[in-house]
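Working notes, structure below.
Coordinate-derived values only; no laboratory data. All values derive from a computational prediction rather than experimental measurement. So basically every Cβ, Gly included, is an ideal-geometry build from the backbone, and we count neighbours across all protein chains shown.
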Amino acid sequence: MAAKRSEGEGVSASAETSPSVAFGDTSPFRGRISEDPPFALLVSERGTRRLAAVDAAAAARGLSAGQKAADALALVPQLVTADHDPDADRRALESLCDWCVRFSPAVAVDGEDGLLLDITGTDHLWGGEAAMLADLLERLSRWGVPARGAIADTAGAAWALARFGREQAVVPPGGQREALSRLPVAALRLDEAAQAQLPRLGLHRVGQLYALPRAQMAKRFGLSFTQRLDQALGAAGEALAFRRPASPWFERLAFFEPISAPEDLARVAADVLALICKRLEAQGRGAKRFEVVYHRLDGKAFAVPVGLARPGRDAVRLAKLVAPRLDVVDPGFGIDVITVHAFAVEALAQGQARIDAELDAAEALAPLVDRLVNRLGEGRVWRPDPVESHVPERAVGRSAPLAGAASARPWNPDLPRPTRLLKRPEPIEVMAKLPDDPPLRFTWRGRHHRLRAAEGPERIGQEWWRGDFDDTGPGKIRDYYRVEDEAGGRFWIYRQGLYGDDALPKWWLHGLFG
Amino acid sequence: MPGSREARIEALRGRIAAIEAGTRTPTPVLPFGDPRIDSHLPGGGLPRAGWHEVVGEGLEGESGAATAAFAALLARPRAAKGAVVWVLRRSDLYAPGLVNLGFPVERLVVVRVRDEAEGLSVMEDALATPGVSVAIGEAEAPDLVAGRRLQLACERAGGFGVVLHRRPYGGPARGATGSAAFSRWRVGRAPGRAPPDGLGLGPAAWRVALERCRGGRPGAWILEHSEADHGPHPFRVVSELADHDLAQTPPERLRRAG
């Protein structure tokens, strides 16, 4: 497997314009960075007001983050200030992360001001990694979010190069060791103690750390030191929390003019699905879940997920499944990019249709199940499966219609069970001769039923391993009776609790026999 | 002579049937196995492709227990292979109960819909799919247009459909409208006979009335659930009812089928 190519980008800490400008937010400071007076964000810390961040103009005048606000205002009287809102920043960063999905499906938020994108297999759409990085940074700067970026094999190396390396560095595969050697030690994301101690030992560059004995360094600075070094060089893995799972099965179509008509939306969905299905077919694979995302001009994205019961790659069928779901897409001023991701990709053998094709039952049912699931939702189509439980309402589980056979023991056909089971048993009033006898008559929903025959009792106890210790007791035991009234109707009633206890046992109706 | 007159009438009937059928092959039918029922149905049984209605009275209109059991048993011979789709609005169908009736639950697909139009459309979709052999739907009252579409879907793919009339959440009943079904059955429970060893309950029994049938005659019977083979259907006629018997409680003497 080829090494993962990662791209890191960082918003330089000195220009804290809010990234939410890209999404129609009414921030008054959009796009006027250069001619604005110096601007800083204030935060209240331990009773004093301090500067949380400053922009380039303020930094040029000698202000820095952490200074007291009173001092800063004295130094630069025309300083414009606003309150630091970390929640809004976080939300804006997450929106930006979602916007970046148009470049690669695997985007992760990194810290407070960065994003990590895994661009494995997606750079060919821009004609190369350098072109992709340039395009991304240019779009971001157009939105008023100045950014720095870099591409490398590992997330750690990309992070380091984006923040401390030269502008728009693209490191060739396997070249991160050499590229990192000139960067300062702070580029390795070490903890503060190590960060403070290393310069005192005369270790200023990452290249100086390569030759050091690992065991002693781990003992001195902790295991995280060696782990970070390995992560940057690619010797150890790093887990990233992507907004969506990473998938190299990604296709993208961009349009010269934004589209908004529904027929056009359906047509471009068919086109992009055809692209990805052709790729899947070339590799002999099929996928179970596809997600078509429409990206609007102002950055908002609308996702239309499509699921198949069996992995497939039939673009026509997928387009037919997408077409009815297009009403969630609000084109606004127009859609300019459409992307599709495929998940749950598996190998799919080429099936050859026989002339006297006797359809395999599951294959014939798959299109119907797909249509129903996509139209009604997954929770509304199921196959009842046995669950190993005595309690009647828990003895039936739901599973996907085309899933494999259930592993639990099948239901016992000798136990009499009703055709209709009420979700909530209804209370009835019962008259019986002796406590343990089946009842003679009962009243349900205001109607009297006189019984002519009864069968039972079938004792179903409580599943004591499920509830609290205090909840268990003879009060939860059910004695089921199958009774027939004079008109022929058959009911499944039960008595909860035993006679002779403190509380009088209650009778309930649980089901109706056909 | 009466004998030759009978023979001539039979011959004439055969010729009329041949003329009516023309060049069409006779549709295969699934008989009940008992001439008392089969004589009411055209061709001696239920046709393979077509849909039928099952109506319940009183509480059955809301709970739909006896109608569900009857529909399951009616469709059981056709469900021997292929998938079965059950469309319902209220998910109180209990699978172990269907297992007691011998219904193939491992090939059952249950679909829960939100309203009647959606239910009928899902049923039509299911009947038009080649892999589905039986589709059972719960609806209040399919109108003529919807019924015609169901019939076309059945004929296209050879599926067997049953529509149970049910108002799952109560409410006032709408009057009976015209129907495009092949047959309409009105089902209610009947007291069963005592079991052979006298303990417990015997086999289930239903009071079944064939209200209308395309090309057949109405009739009424008391049917009992029986697994011995009297025919492909698991029913055994306990007694045949005349029209005026429907209003009363069932007759005192239940005689065995001859």
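Sum up the charges of everything whose Cβ sits under 12 Å from the Cβ of A:Ala266, counting Lys and Arg as +1 and Asp and Glu as -1, but leave A:Ala266 out.
Net local charge, A:Ala266 excluded: -1.
Give me the net charge for the shell around A:Lys68: Cβ to Cβ below 13 angstrom, other residues only, Lys and Arg +1, Asp and Glu -1. The partial results should precede the final answer.
Numbers: positive: A:Arg46, A:Arg49, A:Arg50; negative: A:Glu45, A:Asp71.
It works out to a net charge of +1.
When you have a sec, figure out the Kirkwood radius of the range A:420-512 from all distinct Cα pair distances and drop it here in Å to one decimal?
With all distinct Cα pairs of the range A:420-512 included, I get 13.8 Å.
Give me the inter-chain shielding for A:405-414: mean count of other chain Cβ atoms within 10 Å, whole number please. Let's see the in-between values first.
Working: counts 1, 1, 0, 0, 0, 4, 7, 3, 5, 2.
Rounded to a whole number, the mean comes out at 2.
With a length cut of 24 Å (Cα positions projected on each helix's long axis) and a Kyte-Doolittle mean of at least -1.0, go through chain B and give me the DSSP H helices that pass.
The qualifying helices are B:2-21.
Rounded to a whole number of µm²/s, how large is the Stokes-Einstein D of the range B:123-170 at 25 °C and 0.890 mPa s, given Rh as the Kirkwood radius over C-alpha pairs?
D, rounded to a whole number, is 225 µm²/s.
Enter the Cα centre distance for the pair the range A:104-125 and the range B:61-95, rounded to the nearest angstrom.
Cα centres, the range A:104-125 to the range B:61-95: 51 Å.
If packing is taken as the average number of other Cβ atoms within 10 Å across a peptide's residues, how do A:506-512, A:236-242 rank, most packed first?
Top to bottom by mean Cβ count within 10 Å: A:506-512, A:236-242.
Please compute the average number of Cβ atoms from other chains found within 10 Å of each residue's Cβ in peptide B:80-86.
Whole-number average of other-chain Cβ neighbours for B:80-86 is 3.
Tell me, A:Glu426, A:Glu281, A:Glu257, B:Glu124 in order of fewest to most beta-carbon neighbours within 10 Å?
A:Glu257, A:Glu426, A:Glu281, B:Glu124
Quick check: convex hull over the Cα atoms of the range A:258-347, volume per residue in Å³, rounded to an integer? Walk me through the numbers on the way to the answer.
Numbers: hull volume 7.1 nm³, N = 90.
Value for the range A:258-347: 78 Å³ per residue.
To the nearest whole number, what is the average tally of beta carbon atoms from other chains within 10 Å of the beta carbons of peptide B:54-60?
2
Rounded to the nearest 500 deg cm²/dmol, what is the calculated helix-only ellipticity per residue at 222 nm for chain A, with -39500 (n - 2.57) per DSSP H run of length n ≥ 4? Don't jump to the answer; show the numbers that get you there.
Working: 13 runs with 132 residues, N = 514.
About -7500 deg cm²/dmol.
Please label the shape of the range B:33-183 as rounded, prolate or oblate, based on the square roots a ≥ b ≥ c of the eigenvalues of the alpha-carbon gyration tensor (a/c under 1.5 means rounded; beyond that, a/b larger than b/c means prolate, else oblate). Numbers along the way, then the final one.
Values: a/c = 1.20, a/b = 1.13, b/c = 1.06.
In terms of gyration-tensor shape, rounded.
Can you sort A:Lys288, A:Lys68 so the residue with the fewest Cβ neighbours within 10 Å comes first?
Neighbour counts put them in this order, fewest first: A:Lys68, A:Lys288.
Rounded if a/c is under 1.5, else prolate if a/b beats b/c, else oblate: with a ≥ b ≥ c from the C-alpha gyration tensor eigenvalues square-rooted, which is chain B?
The shape class here is oblate.
Take peptides B:184-190, A:449-455 and line them up by average Cβ neighbours within 10 Å, highest first, as a rough protection proxy.
Most protected by this proxy first, the peptides run B:184-190, A:449-455.
As a footprinting exposure proxy, order A:Asp370, B:Asp34 by other Cβ within 10 Å, with the fewest listed first. Show your work: numbers first, answer last.
Values: A:Asp370 22, B:Asp34 19.
Ranking A:Asp370, B:Asp34 by Cβ neighbours within 10 Å, fewest first, gives B:Asp34, A:Asp370.
When Lys and Arg each count +1 and Asp and Glu each count -1, what net charge do the other residues less than 12 Å away from A:Arg445, Cβ to Cβ, add up to?
Computed value for this residue: -2.
Once the Cα atoms of chain A are picked out, what are the Rg and Dmax in Å?
According to the Cα coordinates of chain A, Rg and Dmax are 33.1, 99 Å.
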